[in-house]
Structure formats: structure tokens, C-alpha cells
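What follows is a single structure, written as C-alpha cells, with notes after it.
What follows is calculated from the coordinates using simple rules that are stated; it is not laboratory data. Here the structure is a predicted model, which is why all the values come from computation and not from measurement. Ideal geometry is used to build each Cβ from the backbone, glycine not excepted, and the neighbour counts take in all protein chains shown.
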Amino acid sequence: MSRPHLTLGIETSCDETSFAVVAGGRRILANVVLSQTGEHRRYGGVVPELASRRHVTNAVPLLQAALAEAGIGLGDLDLIAVTRGPGLVGALLVGVSLAKALAWALDKPLVGVHHLAGHVYANFLAPPGGDTAPEPRYPAVTLVVSGGHTDLFHLEAGGGLRWLGGTRDDAAGEAFDKVARELGLGYPGGPVIDRLAAQGDPGAFAFPRAMLDDDTLDFSFSGLKTAVLYELERRGWRDPDRRAELEAHLPDLAASFQQAVVDVLVAKTLRAARQVGARQIYLAGGVAANRRLRHDLGVAAAAAGLDLAYPPPVLCTDNGAMIAAAGFAAWQRGRRDGLDLDVDPDPPLDEWF
Ligand code: KG4
Ligand code: ZN
């Protein structure tokens, strides 16, 4: 049997440091992720300089752990794939510098990966510990929803990626995080709101569904955050003395806010699927863990005769395995980067793939 092609995937774009070894672009041999969420929590969000410094201290030990878990040495690697953006510049620099040093020392090809392509390709990995990867179905639409992004992509028949639309202001996850902060629920806000919303009435408060009826595939979530704040203000619930009253309404507020986000995400994703004639819808990114989103999108997709798939939770959040998968696919399509590869906080997707 021929030896499988081994890709090292490196992800340091935000507050996760991750190294993965992926065989044949699909099978995960190791996917070591160190999240700094706990450290950033007390600041209410990611502190860029702190993130960069943690990547610097943790990178080499985590690389060693990933190689040990995969049972291979550095010399066994065939390809180095690294996130070059979008992300925090200082954080990206750590991964890209290390990737270039490895590619040079090992004399192996280097591919700088678009982070969002990584999220899209997370759908084509075998689940951790598994051998069988789902076969990609084209044409498809992928909704990438995370703390930093809300974007729709067309996955074309040949495997190419085309950007269809995205948020004009806050990302969906950012809206969850900001609203949660205003409600005194801590960071990150998504999981807490998801939990609270399960006990609330999504129709209790009428929050706006921005850009629902316009023709674009763009989103806007900052007005929704403002609408929640305005409601709190209007009812006097920002007064610390009325915290008990606010707490009694938290499930309804969470459910109503969440439903407003989900309604727009579902409607635009279905519209995108119709536009490109998709057979399949994929979901990716941290907000893909949201139960209401999974449920409502699943129901809407089924009604339109489409299938919905999403990666397991560990592959929804930032990780090296998805970067290896996207890097391998790009390499197969002929992508090669030189040792002068630069980071890019907002790289164009169309040129990349
Ligand atoms: O993909 P991710 O780990 O990091 C980024 O690249 O941003 O996504 C993190 C985001 C955070 O905004 C978090 O609040 C959100 O995903 N999130 C959720 C849920 N779990 C995580 N949002 C809604 N519902 C959830 N269950
Ligand atoms: Zn991400």
C-alpha cells in the first residue's frame, strides 16, 4: 500500500493555537487545539497582543504533541498548510513564520490557506477517530458563521469556491457575544444564549430582521444589537437595582434575539441555494453549534428538497485539521506559495482557490 500524503495544518488566526496532521486531505491523524478563551474572558473579548504571545509560547510544544499523536516525525510531512488570513495580523504572523521555517528546513511545499475556505472544508473531513469522510456534494452553498464571520459561499461543481455575500457590519457570533455582554452573561455569549433560549419564547419581543427582504445575500446584525439595548433601556432593565426583573426575562430575550438572527441566516442561505441551483447546504464556524439554527435550517432545507450537513463541534470551531483539508485541496489544484508568503488580514478568496 502506498504511504498516504500527510499535510500539516497550522491555525493561529485568532485565539486558538492548533496543529493537525491529516492524511490524504480527509483523515485526521492528530488535531491538537489549545483555546485561549478562558484567558480572554475577563476582558470580554479577544485581546490581540495576548493572543499573539500565547501562540508564540505554545506553538512548538503543540506541534510536537500533534506529531507524537499522529505517530510521525517532521520528515514524514509532505505539505505545510497554514492560515494566512483573515485574522489578527500579529496572531497570523506566528503561524506563517513557523510554517515558512518548516517548509524551508524540510524542503516541502507550502500553501497559505484562506481561513474561511478552511471552515468550508471542515465538512469533508472524516469525524475525529473515523476513517470515512463524507463525499462532497456539488453544487453546494456553505454558510460560515463565527465570531468573526458571516459569509455565504458557492461550492462549485469542480470544488472551486465563490463568495456570494456576507455581513456588512457585525458577524452573527459577534452579535451573540455583544448582546450576552449587555445581558451580563459573560463571554463567549453564543452557548449561554443558546441554553437560555431553549426555555424562552422566541415571539416575546419583536426584534428586527435586517436586510431580510433586499435582493443581496448580505447581512447586517449591528442594528439588532442596538434594538436589544434599546429594549433594555426602555424597560429600565439596565438599572442594576432591577437585575431580578431582567433575569426573569432573560430566557425570552435570548430566544427572541436568537430567532431574529436565525430567521435571517436561514432565509438568505435558502435564497443563495436557489440562486446557484445547489443540491446541498453546508454549515460551518462556531455559530454552527447553535441548536435553533441547525433545527430551522434543517427544516427549511428539507422543505426545499435539499440536504443539510455540518461538521462535529470540534471541527466547527477553529482548528488545524480544516486548514490542512483546504490546503491539500488547493495544493491538488496546483496552488504553491513561496517563502515570501505574507499574512493578509483580509485576503481575496477568488484569487486564492
Ligand atoms: O468559529 P469560532 O470558534 O471562532 C471564530 O473564528 O470566531 O466561533 C466562536 C463564536 C463566538 O462568537 C461564540 O459566541 C459563537 O461562535 N458560538 C455560538 C454557539 N457556540 C459558539 N453562537 C450561538 N450558539 C451557539 N451554541
Ligand atoms: Zn474561524
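Work out, step by step, the length gained on full extension between Glu245 and Ser2: first 0.36 nm times the residue separation, then minus their alpha carbon distance; give nm to one decimal.
Computed gain between Glu245 and Ser2 is 80.9 nm.
At a threshold of 8 angstrom on Cα-Cα distance, excluding pairs fewer than six apart, so keeping six or more, what relative contact order does the chain reach in percent?
With pairs under 8 Å counted, the relative contact order is 25 percent.
Please compute the net charge surrounding Leu92, taking Lys and Arg as +1 and Asp and Glu as -1 over other residues with Cβ under 10 Å from its Cβ.
Computed value for this residue: -2.
Please determine, in degrees from 0 to 90 and to the nearest 10, the orientation of helix 222-234 with respect to the longest principal axis defined by the Cα atoms of the chain, where the helix direction is its Cα long axis.
Orientation of helix 222-234: about 30 degrees from the principal axis.
Pairs of alpha-carbon atoms within less than 8 angstrom and 6+ residues apart define the contacts here; what relative contact order does region 140-311 have, in percent?
About 29 percent, as a whole number.
Hey, if you put +1 on the Cβ of every Lys and Arg and -1 on every Asp and Glu Cβ in region 140-311, which of Thr142, Leu212, Ala172 ends up farthest toward the positive end of that dipole?
Thr142
Once Rh is set to the Kirkwood radius over Cα pairs, what Stokes-Einstein translational diffusion coefficient, in µm²/s, holds for region 212-353 at a temperature of 37 °C and a viscosity of 0.692 mPa s?
Rounded, D is 176 µm²/s.
Under a straight-distance cross-link criterion of Cα-Cα below 20 Å, which lysines are reachable from Lys268, leaving out those fewer than 8 residues away in the same chain?
Lys225
For a protection proxy built on the mean count of beta-carbon atoms within 10 angstrom, sort 53-64, 136-147 highest first, please.
My ranking of the peptides, most packed first, is 136-147, 53-64.
Please get the size of the charge dipole for the chain, origin at its Cα centre, with Cβ charges of +1 on Lys and Arg and -1 on Asp and Glu, quoted in debye to the nearest 20.
Dipole about the Cα centre, nearest 20: 520 debye.
By a straight-distance test (C-alpha under 26 Å), which lysines pair with Lys100 as possible cross-link partners, with residues fewer than eight away in the same chain excluded?
Cα-Cα hits under 26 Å: Lys108.
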